[in-house]
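> My questions will all concern the structure given below.
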Amino acid sequence: MKLSPRLQQVADLVDSNQILLDIGSDHAYLPIHLVLNQKITKAIAGEVSEGPLANAIKAVRANDLEQVISCRLGSGFNVFSDEQSEEVNQIGTVTICGMGGELIRSILADGFNKQLLNEQAVLILQPNIGEKTLRQWLMDHSYEIIDEKMIQEVNRFYPIIKAVKRQQPTTYTDLELMYGPLLLKEPNQAVINKYQEDKKHLRSILSQLNHDHPKYQMFEQKINELSEVLNHYESR
Ligand code: SAM
């Protein structure tokens, strides 16, 4: 099974021999790939919607992996029945990919509040948008970002964040929360392409607004911020 570059990068960040919980596991591509490649031993593929769950069950059956990948209906971390509650602490990696940052944040918050999020588990998160709010949640809950990638698929950009819980909180600046503490230090070409595209897009919006438009200044500030970040990358 060949994954998209985005999911392949997520797969590459998963540590070996873990039990994986993949939340929002349409088609269960990620757990199937990881099990077939013997990187992980077991997985739970969680889905909130019947259709994607049916896709996951079908794909798992087609690969004869029902014994090691359990497909379950439920929102976020709510995929453990009372009899399965001991599994919560066996989960070594949680992946939540292909959703907005706000949604991923609310899934994490719900899991945290209900004590269904095992604090030992590594989080690998791939927000399509809204990564700042997600990094803020991680910082507020003492997670350290230990790896970060940006993947470009044609003209779409996908940040990927790997984080682990620490005893002591890690503090990030506003700029680091926005652009990623590690991506700021070590950008790849996709990062540079993304912010060049964002800047171009905002400039074209700005060119159509009157100076007294309520959002004019906000767009102008954002363009300046992007210019600074791009200058920072170029000066490295
Ligand atoms: N994770 C896969 C990927 O990255 O390719 C599928 C991404 S797909 C765009 C998002 C999936 O998340 C959908 O199948 C949707 O049903 C599921 N989803 C959305 N909210 C969810 C939640 N609260 N709990 C579990 N799954 C959810």
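> Could you please let me know if Ile107 is touching a helix residue (DSSP H, G or I) at 6+ places or on another chain (Cβ under 6 Å) and not charged (D, E, K, R)?
No, not satisfied.
> Could you give me the residue pairs with C-beta distances under 6 Å whose first residue belongs to segment 102-128 and is among the small types (Gly, Ala, Ser), whose second residue is within 11 Å of the ligand (Cβ to nearest atom) wherever it lies, and which are 6+ apart or on separate chains?
Close Cβ pairs (under 6 Å, with a partner that is within 11 Å of the ligand (Cβ to nearest atom)) amount to Gly111/Gly76; Gly111/Phe77.
> While we're on this one: Please give the number of the condition Glu153 fails out of (1) surrounded by 15 or more Cβ atoms within 10 Å (Cβ to Cβ); (2) touching a residue at least 40 places away in the same chain (Cβ under 8 Å); (3) out of contact with any Asp or Glu (no Cβ under 9 Å at 6 or more places or on another chain).
With respect to (1) surrounded by 15 or more Cβ atoms within 10 Å (Cβ to Cβ); (2) touching a residue at least 40 places away in the same chain (Cβ under 8 Å); (3) out of contact with any Asp or Glu (no Cβ under 9 Å at 6 or more places or on another chain), Glu153 is out only on (1).
> For Val122, indicate whether it is modelled with pLDDT of 95 or more, away from the ligand (no atom under 16 Å from the Cβ) and over 17 Å from Phe157 (Cα atoms).
Working: modelled with pLDDT of 95 or more: yes; away from the ligand (no atom under 16 Å from the Cβ): yes; over 17 Å from Phe157 (Cα atoms): yes.
Criteria met by Val122.
> Another question about this same structure. Given the conditions (1) surrounded by fewer than 16 Cβ atoms within 10 Å (Cβ to Cβ); (2) within 16 Å of the chain's Cα centre (by Cα), report the number of the one that Trp137 does not fulfil.
It fails just one condition, (1).
> So for segment 209-227 (the condition being in contact (Cβ under 8 Å) with a residue 12 or more places away in the chain and exposed (fewer than 14 other Cβ atoms within 10 Å of the Cβ)), does at least one residue qualify?
Checking segment 209-227: at least one residue is in contact (Cβ under 8 Å) with a residue 12 or more places away in the chain and exposed (fewer than 14 other Cβ atoms within 10 Å of the Cβ).
> Separate question: Could you tell me whether segment 95-103 includes any residue that is assigned by TED's automatic domain parsing to the domain that holds Leu123, of a type outside the set (Asp, Glu) and either at pLDDT below 95 or more than 11 Å from the ligand (Cβ to nearest atom) (or both)?
Yes: one or more hits.
The values are calculated or read from the model by the stated rules, or taken from the named source; none is laboratory data. The structure displayed is predicted, hence computed values, not measured ones. A quick note on method: Cβ atoms are made from the backbone with ideal geometry, for glycine too, and the neighbour counts reach across all protein chains shown.
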